[in-house]
Protein chains: 2
Amino acid sequence: MIFQNKPYITGAEFQYIQAAIENRHLSGNGKYTKLCHDFFKDKYGFTKCLLTTSCTDALEMCAILLDVQPGDEVIMPSFTFVSTANAFILRGASIILADSTDGNPNIDADSIASLITPKTKAIVVVHYAGMACDMDAIMKVADEHNVFVVEDAAQAIDSFYTGAGNKQQPLGSIGHLAAFSFHESKNIQCGEGGMLVINDEQFAKRAEIIWEKGTNRAAFFRGEVDKYNWVDMGSSFLPSEITAAFLYAQLQALDAIQNARKEKWRQYFDTLLPLQQQEKLLLPQVPDRATNNAHIFYVVCKSQPERDRLILFLKNNEVQSMFHYPGLHTSPFYTGTHPVTKQLPNAEKFSDSLLRLPLYVELAEEQVGNICRLIAAFHTSE
Amino acid sequence: MIFQNKPYITGAEFQYIQAAIENRHLSGNGKYTKLCHDFFKDKYGFTKCLLTTSCTDALEMCAILLDVQPGDEVIMPSFTFVSTANAFILRGASIILADSTDGNPNIDADSIASLITPKTKAIVVVHYAGMACDMDAIMKVADEHNVFVVEDAAQAIDSFYTGAGNKQQPLGSIGHLAAFSFHESKNIQCGEGGMLVINDEQFAKRAEIIWEKGTNRAAFFRGEVDKYNWVDMGSSFLPSEITAAFLYAQLQALDAIQNARKEKWRQYFDTLLPLQQQEKLLLPQVPDRATNNAHIFYVVCKSQPERDRLILFLKNNEVQSMFHYPGLHTSPFYTGTHPVTKQLPNAEKFSDSLLRLPLYVELAEEQVGNICRLIAAFHTSE
């Protein structure tokens, strides 16, 4: 069986975990945590980042930092993982779900203005498959209505957006806050892990406090206060040094990992292009001004039944392929706690018809070729 | 320098992390997570447990499971770590702080009844240094007022309470819910980690859902539902298999670790007993009906200035010793968000005068002897 994902191990993970053990500092915020923070500062220019135990937890830090309260509204796409919403649900917010664009699963920036009310606190955008949302339009509408923007950059490591003035910006550096994932399904992984990025300096000091369980421990260690104490709400958001050491090994191999993934992505795209030309399926469209970080290779089928037949056909040929999110607006929890949302046809299209193909570093060129031949054979037999 | 703590490594951690990597399942809820759960079920009879990324997160799960709402009150000791309170603060609760007993830092069970109001949702008890609170009295007052009991068992692994009818129960198995810590400072550790224990069966199914980000994924994998979906609030509470593999190695060495720690604890107690008899300091009193899990060896000095002089004296002799919590009732966050609490003299006594001495597996008999001699020398010179 060719699985849809196979987490890649660089081989250096052990060496760094061993070193962390020898340091006898295994709880959070030690040497490897700092090395990971520095990596992101150096490579992408993130001014302030904090590793977390998951992207979910980074989003929870965003919700606390934005002081989201019961009654506040937070706008986000329906086509996303439950964590995007849960982080704000936990602070009592109402979630206002937006549709995807027609061309890709990202939030339809043009639909946002009509969803903003005086209660809107934030817009959360999700860069699906690591491809940038229309950030200029989103930052403009947020700015006009004085609301914050959080980038759910779970899938968006090492991807970029070229905005006004042809300035290329790393995803995660554009919104006021951003959250990354290092779950085993991601390009760079440590099993479970995440990171908060703080782009708006007003949140930097409080982020450190919330990260350290609501204490001013960081300021204490910098010698800014005499003793540390309970000064705010917070949680235990920081991952262990075991986790950070593992992650650091992955980060050092980032370029090699990205190159390998992009090669496979390109092979899929080129090999399946004739099927798109024959109108059998749609291939991912990298939006203008976006880059592709080869996080996901997906195809969009013509209908849910056809997509489900293709999943079965591939499975019978020992290839695992996977659909992605059911739109949150159709979920039992959302419909049970929120007013009925109008239909979101693009989100529903991607829920019903999108299919993720195997994509990982160790996937061989021959395997990608075979998977493409299977898909062509399926469409011949349909 | 002899540090107050030095996390112990069994040596098997690597082998299990390596095996987890070979399984290619590094995100949560895999083989090692299940092995850890089974360990606790087999050894302590916990019917349902769920590893978490920290004890803090396990306490947050408790707050969600108990449906704590703004306006609810939660009673807990003032002499505890901020996480005990934060978990309930995040759900909007008011924290009602109780005093410690005179004899040890645990909550004064006799003081609880007077703190209960119609708004009380739960009582959180903390088994300080792994020594049981007066659980019969606490369960009785909770039962009489129909409130829940959460055991903050962060420090309480492998410790027991002998209640009515001479029944010996493991700590963490008595309240409706309990939370353990595997932070590097604990007897059994994985850097950062924790566990929720569900003793009241009514919470078992929902706990699984909240743990899996508010989805019914666990029921899906058991074949109870056709597909999994968003059904409740939740978060990413589960630790990676890297973390669980590390923890499993530690658990397998639990008896050896506990025996080694208890030996050192006993050596401290016996060697320092003459100083207690000379009324120079107080030694830990293991409460009737409790066991000692040798998590902390502490002494109680006569005053804060004397305690602080002893810290300095030991430091000058290359021994690290540490005070513990400032009472939460004196913290900036608590005093800024809650009505003024009456004085809590016992909590203040332990905040001011308690001192933790080095205690870890690799601490040598000779080192314990030297530390005791230093303390005696300090009292001779005072």
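Out of the residues in region B:197-215 that are part of a loop (DSSP other than H, G, I, E, B) and either acidic (Asp, Glu) or facing chain A (nearest Cβ under 9 Å) (or both), state the one that is surrounded by the fewest Cβ atoms within 10 Å (Cβ to Cβ). Quick ask: steps written out before the conclusion?
Residues of region B:197-215 part of a loop (DSSP other than H, G, I, E, B): B:199-200, B:213-214.
Still in the list and also either acidic (Asp, Glu) or facing chain A (nearest Cβ under 9 Å) (or both): B:200, B:213-214.
Working: B:ASP200: 15, B:LYS213: 22, B:GLY214: 25.
Out of the qualifying residues, it is B:ASP200.
Identify, please: which residue in region A:21-49 is of a type in the set (A, V, I, L, M) and within 8 Å of chain B (Cβ to nearest Cβ) and is, among those, nearest to A:SER159 (Cα to Cα)? Checked region A:21-49; the qualifying residue nearest to A:SER159 (Cα to Cα) is A:LEU26. Of the residues making up region A:151-171, those that are modelled with pLDDT of 95 or more, among the polar types (S, T, N, Q) and out of contact with any Gly (no Cβ under 6 Å at 6 or more places or on another chain) are A:THR162, A:GLN168, A:GLN169. Among the listed residues A:ALA244, A:ALA290, A:ALA294, which satisfies the condition of being at the interface with another protein chain (Cβ under 10 Å from one of its Cβ atoms) and either buried (at least 21 other Cβ atoms within 10 Å of the Cβ) or in contact with a Phe, Trp or Tyr (Cβ under 7 Å, 6 or more places away or on another chain) (or both)? On inspection, the qualifying residue turns out to be A:ALA244.
Per-residue answers, yes or no, for (1) closer than 16 Å to B:ILE123 by Cα; (2) touching a residue at least 24 places away in the same chain (Cβ under 8 Å); (3) crowded, with 24+ Cβ neighbours inside 10 Å; (4) within 16 Å of the chain's Cα centre (by Cα):
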position: B:GLY45; (1), (2), (3), (4): no, yes, no, no
position: B:THR52; (1), (2), (3), (4): no, yes, yes, yes
position: B:LEU65; (1), (2), (3), (4): yes, yes, no, no
position: B:ASP72; (1), (2), (3), (4): yes, yes, no, no
position: B:PHE79; (1), (2), (3), (4): yes, yes, yes, yes
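Can you work out which of the residues in region B:312-341 that are more than 13 Å from chain A (Cβ to nearest Cβ) and in a helix (DSSP H, G or I) is farthest from B:GLN367 (Cα to Cα)? By that ranking, first place goes to B:LEU312. In the list A:ILE123, A:ILE174, which residue meets the criterion of being modelled with pLDDT of 95 or more, in a loop (DSSP other than H, G, I, E, B), buried (at least 21 other Cβ atoms within 10 Å of the Cβ) and not small (Gly, Ala, Ser)? Testing whether each residue is modelled with pLDDT of 95 or more, in a loop (DSSP other than H, G, I, E, B), buried (at least 21 other Cβ atoms within 10 Å of the Cβ) and not small (Gly, Ala, Ser) leaves just A:ILE174. The condition of being touching a residue at least 40 places away in the same chain (Cβ under 8 Å) and over 18 Å from B:PRO284 (Cα atoms) holds for only one of B:LEU310, B:LEU314, that being B:LEU314. Residues in region A:85-108: is at least one closer than 19 Å to A:VAL197 by Cα and either free of Cβ contacts under 8 Å to residues at least 24 places away in the same chain or of a type in the set (Ser, Thr, Tyr) (or both)? Looking through region A:85-108, none of the residues is closer than 19 Å to A:VAL197 by Cα and either free of Cβ contacts under 8 Å to residues at least 24 places away in the same chain or of a type in the set (Ser, Thr, Tyr) (or both).
Matching residues to (1) out of contact with any Lys or Arg (no Cβ under 8 Å at 6 or more places or on another chain); (2) of a type in the set (A, V, I, L, M); (3) surrounded by 14 or more Cβ atoms within 10 Å (Cβ to Cβ); (4) without any contact (Cβ under 8 Å) to a residue 24 or more places away in the chain:
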{"position": "A:ILE9", "(1), (2), (3), (4)": "yes, yes, yes, yes"}
{"position": "A:GLU13", "(1), (2), (3), (4)": "yes, no, yes, no"}
{"position": "A:ILE17", "(1), (2), (3), (4)": "yes, yes, yes, no"}
{"position": "A:GLU22", "(1), (2), (3), (4)": "yes, no, no, yes"}
{"position": "A:SER27", "(1), (2), (3), (4)": "yes, no, yes, no"}
{"position": "A:THR33", "(1), (2), (3), (4)": "yes, no, yes, no"}
{"position": "A:PHE40", "(1), (2), (3), (4)": "yes, no, yes, no"}
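Residues in region B:353-371 that are surrounded by fewer than 19 Cβ atoms within 10 Å (Cβ to Cβ) and assigned to a helix (DSSP H, G or I): B:GLU365, B:GLU366, B:GLN367, B:GLY369, B:ASN370. Just checking, which of B:ALA122, B:ALA142 is more than 29 Å from B:LEU282 (Cβ to Cβ) and either in contact with a Leu (Cβ under 9 Å, 6 or more places away or on another chain) or in the same structural domain as B:PRO339 (by TED's automatic domain parsing) (or both)? Sole residue among the options that is more than 29 Å from B:LEU282 (Cβ to Cβ) and either in contact with a Leu (Cβ under 9 Å, 6 or more places away or on another chain) or in the same structural domain as B:PRO339 (by TED's automatic domain parsing) (or both): B:ALA122. With a requirement of 1 or more residues that are out of contact with any strand residue (DSSP E or B) (no Cβ under 9 Å at 6 or more places or on another chain), the helices (runs of 4 or more DSSP H) lying completely within region B:17-96 that satisfy it span B:31-44, B:55-65.
Within region A:250-257, is even one residue at pLDDT 95 or above, part of a helix (DSSP H, G or I) and within 14 Å of another protein chain (Cβ to nearest Cβ)? Yes.
The values are calculated or read from the model by the stated rules, or taken from the named source; none is laboratory data. Owing to the predicted nature of the structure, the values given are computational and were not obtained by experimental measurement. Please note: Cβ atoms are built from the backbone with ideal geometry, for glycine as well, and neighbour counts cover all protein chains shown.
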